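K.L.:
Sharing a structure with you now.
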Amino acid sequence: MAREKAGRASLKVPGGKLVTAKILYGGDIRRVTLTGDFFLHPEEGISAIESSIEGMAAGSDEIDIAIAVQAAIDENGIQAIGIDAASVARAVKMAMR
Amino acid sequence: MRWRVIGLEEHDAFTNMAIDEALLARIANRESHPTIRFYTWKPGAVSIGRFQSMNDEVNAGRCRELGVDYVRRITGGGAVYHAYNGEVTYSLIAPEGLFSRGIRESYREICSFVVKGLGNLGISAEFAPINDILVDGKKISGSAQTRRQGALLQHGTILYSLNVREMFSLLNVSRDKISDKQIKSVEDRVTCVKDHEEATIKQLYEALLKGFADGLDYSMGKLTHQELDDAMELSGSYRSDEWNMMR
């Protein structure tokens, strides 16, 4: 099993809000916490978004992470304001660099 | 639809947030009239958005030294320092069908009342998406909204006075940012009523009240005993580390 590492990165979405990804990862992404001044409706949707990334390979492409996040947004009827799937995926990848 | 307006009150941070949440639940259940309330925070407090990290955003040690509370809101958005007598906060709680279904558009609609209110003081303000109000290109007001079970809560602050150095001491702004240059930078981006008009807080409140209530079928009212009981019960969770430190 790969040694667990921790990483964090913040991204200001142009015209939007700040998102920070805090990641615990080894060979796969074990824990994701997203923080920032963005809005999600309903707010409880944050868990679905974080869970959609957990379990993915740490080497996943940004686009694959974005697809997983977008699926969570669509399946749970979440409205995201100030962030989107692409910006979340970018912050997650940055946190693992 | 008949509205209730609750005039300017002062409460601590936990009670203010608990009242907003209690009203949201009652109004979602159609047990209370749509309500607009105005309040200040005593003692002063820092509120953070639903998704922010308290440890990242707030200098809790400094808050304790200065007797400033800190609390997590149920709404998203950013950290706000609610200085005692430094701002007026409004909350609007109503069935969501009274406003646009689109959240961005409903921000515009509700913020237009604040713009009108500032206009009543002679301050020309404009809405700036997503959730800000600007005067001469500088932020004077920010708002945040949530929706639950068919009801909408939007609350926001209107800055009356501004002390950037005090604000920076309470927020986790890196030391290199608390330079005179950075303070100037915030002062270049943020403004307050006192920069524009010699108004008192009471006059600001009265101007906002007129901005919100003009053309509305409303009466001035108070919280009911049931609403107060709900709020007292909820206020405990707003004091808890489980809620405030959850991220």
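Bear in mind that the values in this text are calculations on the coordinates, not laboratory data. Note that the structure is a prediction, hence the values are computed from the model and not measured. When we count neighbours, we look across all protein chains shown, and the Cβ atoms used for this are built from the backbone with ideal geometry, even at glycine.
K.L.:
Got a sec? How would B:ILE93, B:ILE36, B:ILE103 order by Cβ neighbour count within 10 Å, fewest to most? Before the final figure, lay out each step's value.
P.N.:
Values: B:ILE93 26, B:ILE36 23, B:ILE103 20.
Arranged by neighbour count, lowest to highest, B:ILE93, B:ILE36, B:ILE103 become B:ILE103, B:ILE36, B:ILE93.
K.L.:
Amide H of A:GLU43: which non-local residues (sequence gap of 5 or more, or other chain) have their own amide H closer than 5 Å, using H built in the peptide plane?
P.N.:
Here the answer is none, since no amide H 5 or more places off falls under 5 Å of that of A:GLU43.
K.L.:
Work out the length of the dipole vector of chain A about its Cα centre, built from +1 on the beta-carbon of each Lys and Arg and -1 on the beta-carbon of each Asp and Glu, and round it to the nearest 20 debye.
P.N.:
Computed charge dipole of chain A: roughly 600 debye.
K.L.:
Could you estimate the translational diffusion coefficient of region A:5-95 from the Stokes-Einstein equation, with Rh from the Kirkwood formula over C-alpha pairs, at 25 °C and 0.890 mPa s, in whole µm²/s? Walk me through the intermediate numbers first.
P.N.:
Numbers: Rh = 12.6 Å.
Answer, rounded: 194 µm²/s.
K.L.:
Relative contact order for region B:91-229: what percent, with Cα pairs under 8 Å and sequence separation of 6 or more? All intermediate terms of the calculation are to be shown ahead of the outcome.
P.N.:
Values: 171 pairs, mean separation 39.0, N = 139.
Reported relative contact order: 28 percent.
K.L.:
Here's another thing I want to ask about it. Starting from the Cα-Cα distance between B:MET245 and B:ASN172, subtract it from 0.36 nm times their residue separation and give me the gain in nm to one decimal. Mind dumping the intermediate values first?
P.N.:
Values: separation 73, 0.36 × 73 = 26.28 nm, distance 1.48 nm.
This chain segment gains 24.8 nm when fully extended.
K.L.:
Taking amide H atoms as placed 1.01 Å from N in the peptide plane, list the residues 5 or more away in sequence, or in a different chain, whose amide H sits under 5 Å from that of B:ILE140.
P.N.:
B:ILE133, B:LEU134, B:VAL135, B:THR191
K.L.:
Enumerate the calculated ³J(HN,Hα) couplings along region B:48-60 in order (Karplus 6.51 cos²θ - 1.76 cosθ + 1.60, θ = phi - 60°), each rounded to whole Hz, writing x wherever the residue is Gly or Pro.
P.N.:
Rounded to whole hertz, the list is 10, x, 3, 9, 7, 9, 4, 5, 6, 9, 10, 8, 4.
K.L.:
Something else: Chain B: percent of C-alpha pairs farther apart than 35 Å? The partial results should precede the final answer.
P.N.:
Working: 2811 of 30381 pairs.
Tail of the P(r) past 35 Å holds 9 percent of the pairs.
K.L.:
With a length cut of 18 Å (Cα positions projected on each helix's long axis) and a Kyte-Doolittle mean of at least -1.0, go through chain A and give me the DSSP H helices that pass.
P.N.:
Numbers: long enough: A:62-75 (20 Å, 0.85).
Sorted by number, the helices that extend far enough and score high enough are A:62-75.
K.L.:
By count of other Cβ within 10 Å, fewest leading, how are B:VAL80, B:VAL114 ordered? Can you show the working numbers first?
P.N.:
Working: B:VAL80 22, B:VAL114 25.
Arranged by neighbour count, lowest to highest, B:VAL80, B:VAL114 become B:VAL80, B:VAL114.
K.L.:
How high is the relative contact order of chain B, given as a whole-number percent (alpha carbon pairs under 8 Å, six or more residues apart)? Walk me through the numbers before you get to the answer.
P.N.:
On the way: 482 pairs, mean separation 68.8, N = 247.
Relative contact order of chain B: 28 percent.
K.L.:
Once you keep just the Cα pairs under 8 angstrom separated by 6 or more residues, what percentage relative contact order results for chain A? Each step should come with its number before you reach the end.
P.N.:
On the way: 191 pairs, mean separation 33.3, N = 97.
Relative contact order, chain A: 34 percent.
K.L.:
I would also like to ask the following. How large is log10 of I(q)/I(0) for the protein assembly as shown at q = 0.07, 0.10, 0.15 Å⁻¹ when the intensity is taken from the Debye formula with one equal scatterer per alpha-carbon?
P.N.:
-0.30, -0.61, -1.33
K.L.:
B:LYS139: which lysines have alpha carbons under 29 Å from its alpha carbon, excluding same-chain residues fewer than 8 sequence positions away?
P.N.:
A:LYS12, A:LYS17, B:LYS42, B:LYS116, B:LYS177, B:LYS181, B:LYS184, B:LYS194, B:LYS202, B:LYS210
K.L.:
Once you charge only the Cβ atoms, +1 for Lys and Arg and -1 for Asp and Glu, what is the size of the charge dipole of the protein assembly as shown about its Cα centre, to the nearest 20 debye?
P.N.:
With only Lys, Arg, Asp and Glu charged at Cβ, the dipole is about 580 debye.
K.L.:
Another question, then. What residues qualify as long-range amide H neighbours of B:VAL5, i.e. H under 5 Å apart, gap of 5 or more or another chain, H built at 1.01 Å from N?
P.N.:
Answer set, sorted by chain and number: B:ILE36, B:SER219, B:MET220, B:GLY221.
K.L.:
Right, here's the next one. Whole number please: convex hull volume per residue, Cα atoms of region B:60-200, in Å³.
P.N.:
On the way: hull volume 16.9 nm³, N = 141.
With only Cα atoms used, region B:60-200 gives 120 Å³ per residue.
K.L.:
Next question. Per residue of region B:147-154, what does 6.51 cos²θ - 1.76 cosθ + 1.60 with θ = phi - 60° give for ³J(HN,Hα)? Whole Hz please, x for Gly and Pro, Karplus curve as stated.
P.N.:
9, 9, 6, x, 10, 10, 10, 10
K.L.:
Under a crude label model (7 Å from the Cα following the beta-carbon direction), how far is B:LEU228 from B:ASP188 in nanometres?
P.N.:
Label-label distance for B:LEU228 and B:ASP188, simple model: 5.0 nm.
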